[in-house]
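Here is the structure we will look at.
The values are calculated or read from the model by the stated rules, or taken from the named source; none is laboratory data. In this text, all values refer to a predicted model and were calculated from it rather than measured experimentally. Note: ideal-geometry Cβ built from the backbone for every residue, glycine included; neighbour counts use all protein chains shown. The accessibility values were calculated without ligands, DNA or RNA, using every heavy atom of the protein model including side chains. Shrake-Rupley method; radii C 1.70, N 1.55, O 1.52, S 1.80 Å.
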Amino acid sequence: MLSILLSLADLDWRDFSRIDIAGFALVVVFHVLVLVTRGWLMGQLSQKGEDGSARPLAWVHLAARHQFIFTVLPTGLGDLLFPALAKRLVGRTATEAFSVIAQVRSRDLIVLITLALGGSLIITGIEWAAAAVAFLALPVLFYADKFFRLALHLVRKSLADGKLASFLEAIASSEPPDSFSRFRLTVASILDWFFVICSVLATFEAIGEPVPVGVAMLFLAGINLFGALAISIGGLGVSETGGAAALVLADRTVKNATALSLLARPLLLVSMLSASLMIDLILTSAKLFGRR
């Protein structure tokens with residue numbers, strides 16, 4: 001798929017030399033903020049008492065290392081390794097860690113569907129409908145934990161008694177958050193994806209092809225929803241196809257949309273890997289020096 005996209009785009013390698021270095025640095029900054037807010041979100045979803053809570057920076061460290069592994073491995077494998085990472089970095093059991101990453105992904109899905117619908121409506125000039133979609137998505141995101149537990153209960157009913165059924169039952173029966181905790185979780189989720197959108201806007205600026213917010217939202221939804229179906233490393237080929245499709249829907253030509261996707265998506269990958277490595281190295285070094 002990647003080779004087909006390259007032939008459609010007729011991309012010249014010199015196009016990559018036109019990337020603005022300062023613009024790329026801004027993309028990295030936004031990705032650092034993404035990882036910080038994602039660590040904050042994960043820490044809140046862990047639902048541990050004060051005596052069993054890991055330090056906030058430990059959750060940021062977990063978010064950074066998980067994102068790096070998630071990016072370099074085929075889709076899904078990074079999440080399968082999350083419990084092992086959580087046990088090592090924040091001292092969580094497999095059940096607790098699975099609950100955290102599953103809830104993060106359920107929230108991601110809600111936001112991505114909202115971005116896809118909202119972005120599509122914005123580029124067609126129906127901003128009021130996009131605002132209505134966002135307004136309706138807020139209570140869904142606020143009560144995401146309820147929908148998550150309902151889904152687990154439904155899956156549990158379809159399974160015979162066994163380890164998997166007990167595993168799902170233990171997660172579904174965990175204590176629900178109070179209203180203030182739900183508010184914080186909602187704010188964390190929104191901030192997380194706000195910084196992601198900013199990183200996409202900064203990426204298109206860095207390659208000299210600025211796009212409106214609606215196009216950035218649709219592009220982001222395209223690369224993530226298509227990437228979820230990929231089995232390649234980092235979703236290469238498939239995610240770029242999703243991004244190109246989103247840009248075509250935004251009235252770009254196939255050649256232009258494909259070229260932009262092939263420039264922007266790898267830049268986003270490199271930036272996220274850089275941000276993840278930076279945070280991981282800094283926090284690992286701080287931990288090592290703290291032990292001396």
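Structure data summary
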read-out	value
All positions within the range 218-232 that are at pLDDT below 75 and either over 10 Å from GLY76 (Cα atoms) or among the polar types (S, T, N, Q) (or both)	SER232
Breaking point among (1) open to solvent by 20 Å² or more (accessible area, probe 1.4 Å); (2) assigned to a helix (DSSP H, G or I), for ILE223	(1)
Set ALA244, ALA216: member being part of a helix (DSSP H, G or I) and under 12 Å from SER120 (Cα atoms)	ALA216
Condition broken by PHE167, with the remaining ones in (1) over 18 Å from the mean Cα position of the chain (by Cα); (2) within 27 Å of GLY222 (Cβ to Cβ); (3) open to solvent by 40 Å² or more (accessible area, probe 1.4 Å) satisfied	(2)
Search result, residues across the range 233-269 that are touching a residue at least 12 places away in the same chain (Cβ under 8 Å) and among the β-branched types (Val, Ile, Thr)	ILE233, VAL238, THR241, VAL254, THR258
Residue check for ARG252: at pLDDT 85 or above and outside any helix (DSSP H, G or I)	yes
Residue ID - farthest from LEU164 (Cα to Cα), chosen from residues in the range 93-106 that are surrounded by fewer than 19 Cβ atoms within 10 Å (Cβ to Cβ) and among the aliphatic types (A, V, I, L, M)	ALA102
Yes/no for THR186 being farther than 23 Å from SER3 by Cα, in a helix (DSSP H, G or I), open to solvent by less than 20 Å² (accessible area, probe 1.4 Å) and polar (S, T, N, Q)	yes
Residues of the range 150-200 classified as among the basic types (Lys, Arg) and closer than 17 Å to GLY43 by Cα, total	2
Residue check, THR124 open to solvent by less than 50 Å² (accessible area, probe 1.4 Å) and polar (S, T, N, Q)	no
Any chance THR95 is hydroxyl-bearing (Ser, Thr, Tyr), closer than 27 Å to LEU201 by Cβ and touching a residue at least 24 places away in the same chain (Cβ under 8 Å)	no
Output for the range 222-232, where each listed residue is over 21 Å from GLU205 (Cβ atoms), touching a residue at least 40 places away in the same chain (Cβ under 8 Å) and either in contact with a helix residue (DSSP H, G or I) (Cβ under 6 Å, 6 or more places away or on another chain) or not β-branched (Val, Ile, Thr) (or both)	LEU225, GLY227, ALA228, LEU229, ALA230, SER232
Single match in LEU201, LEU269, LEU262 (criterion: on the phi < 0 side of the Ramachandran plot and surrounded by fewer than 21 Cβ atoms within 10 Å (Cβ to Cβ))	LEU269
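Results for (1) farther than 16 Å from LEU89 by Cα; (2) at pLDDT 90 or above; (3) surrounded by 13 or more Cβ atoms within 10 Å (Cβ to Cβ), shown as yes or no for each residue.
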residue	(1), (2), (3)
SER7	yes, no, no
TRP13	yes, no, no
VAL28	yes, yes, yes
LEU35	no, yes, yes
GLN44	no, yes, yes
LYS48	no, no, yes
SER53	no, no, yes
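Results for (1) open to solvent by 50 Å² or more (accessible area, probe 1.4 Å); (2) part of a helix (DSSP H, G or I); (3) modelled with pLDDT of 90 or more, shown as yes or no for each residue.
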{"residue": "ASP108", "(1), (2), (3)": "no, yes, yes"}
{"residue": "GLY119", "(1), (2), (3)": "no, yes, yes"}
{"residue": "TRP128", "(1), (2), (3)": "yes, yes, yes"}
{"residue": "LEU150", "(1), (2), (3)": "yes, yes, no"}
{"residue": "PRO176", "(1), (2), (3)": "yes, no, no"}
